[in-house]
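Values in this text are rule-based calculations from the coordinates and carry no lab data. In this text the structure is predicted, and so the values were computed from the model without any measurement. Quick reminder, even Gly has a Cβ in these numbers, built from the backbone with ideal geometry, and neighbours come from all protein chains shown.
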Amino acid sequence: MTTTTTATRAATRGVLYVHSAPSALCPHVEWAVGGVLGVPVHLEWTPQPAQTGAYRAELSWTGAVGTAADVASALRGWNHLRFEITEEPTSGSEGSRYSYTPELGVFHAVTGLHGDIMIPEDRLKAAVVKAALGDVTLLQEIDKLLGKPWDDELETFRHAGDGAPVRWLHHVV
């Protein structure tokens with residue numbers, strides 16, 4: 001006799017920021033996010049002033065640890081879509097931040113209790129080695145580890161969304 005146990009994953013919360021999506025992509029974003037969260041998602045799309053013909057939306061969510069990774073996986077690779085998703089740390093897990101642009105792809109960072117990016121020791125050592133070999137400067141490597149290229153590309157879209165409405169959605173765990 002085989003017994004299967006389903007472990008309940010800890011609950012956390014986070015925010016999905018869709019910085020820019022063409023109108024034709026908006027319902028597909030809602031469908032993909034709803035598929036991950038397990039509930040229908042209807043975002044309040046507002047025009048994105050930083051890009052003609054694009055729309056933006058925000059969604060605050062609660063769900064199991066790992067939900068941000070699942071949403072990022074569902075949305076990555078979509079042309080003309082820019083987004084970020086955060087996941088708060090829990091007593092048993094670090095937080096996460098994912099950023100995506102069509103040009104740069106996905107950036108992932110582990111975040112601590114106060115939202116600081118936590119860079120693993122092996123990645124820092126690799127950055128020092130690359131810099132020592134003369135491939136890049138240490139500053140360039142640290143900037144990549146901190147997601148600076150993604151921040152630089154998304155900054156215009158972030159500011160264009162100041163004051164936009166936010167909705168809360170709860171995931172059924």
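Where in segment 46-65 is the amide nitrogen less than 20 Å from a point lying 7 Å along the Cα-to-Cβ axis of residue 118?
What the label zone holds, given the 20 Å backbone N cut-off, is 63-65.
Quick one: 142, 117, fewest Cβ neighbours within 10 Å first, how do they rank?
By the 10 Å Cβ count, ascending, the order reads 117, 142.
Out of 46, 137, 67, any idea which swings most in a Gaussian network model of the chain, alpha carbons joined below 10 Å?
So, out of 46, 137, 67, the one fluctuating most is 137.
What FRET efficiency, computed as 1/(1 + (r/R0)^6) with R0 = 25 Å and r the Cβ-Cβ distance, is obtained for residue 110 and residue 153, rounded to the nearest 0.05?
After rounding, the FRET efficiency stands at 0.75.
Between the DSSP loop rule and a limit of at most 10 other Cβ atoms within 10 Å, which GluC sites (Glu not before Pro) in segment 91-124 are left?
Filter output for segment 91-124: 103.
Viscosity 0.692 mPa s, temperature 37 °C: Stokes-Einstein D of segment 44-122 from its Kirkwood Cα radius, in µm² per second?
236
Take the eigenvalues of the Cα gyration tensor for the chain, scale each by 5, and report the square roots as semi-axes in whole Å, largest first. Show your work: numbers first, answer last.
Numbers: eigenvalues 154, 121, 37 Å².
Square roots of five times the eigenvalues give 28, 25, 14 Å.
Efficiency by 1/(1 + (r/R0)^6): what FRET value for residue 140 and residue 78, r their Cβ-Cβ distance, R0 = 25 Å, to the nearest 0.05?
0.35
Report the residue, chosen from 76, 13, 123, that carries the largest GNM mean-square fluctuation when the chain is represented by alpha-carbon nodes joined by springs under 10 Å.
123
Taking the Cα centre of the chain as origin, work out the dipole magnitude from +1 charges on Lys and Arg Cβ and -1 charges on Asp and Glu Cβ, in debye rounded to 20.
Computed about the Cα centre, the dipole is about 320 debye.
How far apart, in nm, are the 7 Å Cα→Cβ label points at residue 128 and residue 24?
Here the answer is 5.0 nm between the modelled labels.
How big is D for segment 42-86, in µm² s⁻¹ as a whole number, if Stokes-Einstein is applied with the Kirkwood radius of its Cα pairs at 37 °C and 0.692 mPa s? If you can, show how the numbers build up before the last one.
Working: Rh = 12.1 Å.
Calculated translational D: 272 µm²/s.
Once amide H atoms are built 1.01 Å from N in the peptide plane, which residues 5 or more positions from residue 81, or in another chain, come under 5 Å H to H?
none
If amide hydrogens are placed 1.01 Å from N in the peptide plane, which non-local residues have theirs closer than 5 Å to the one on residue 64?
12
For segment 141-155 and segment 48-84, write down the distance between their C-alpha centroids in whole Å.
18
In percent, how large is the relative contact order of the chain, given Cα pairs closer than 8 Å and 6 or more residues apart?
Working: 311 pairs, mean separation 46.8, N = 173.
Relative contact order of the chain: 27 percent.
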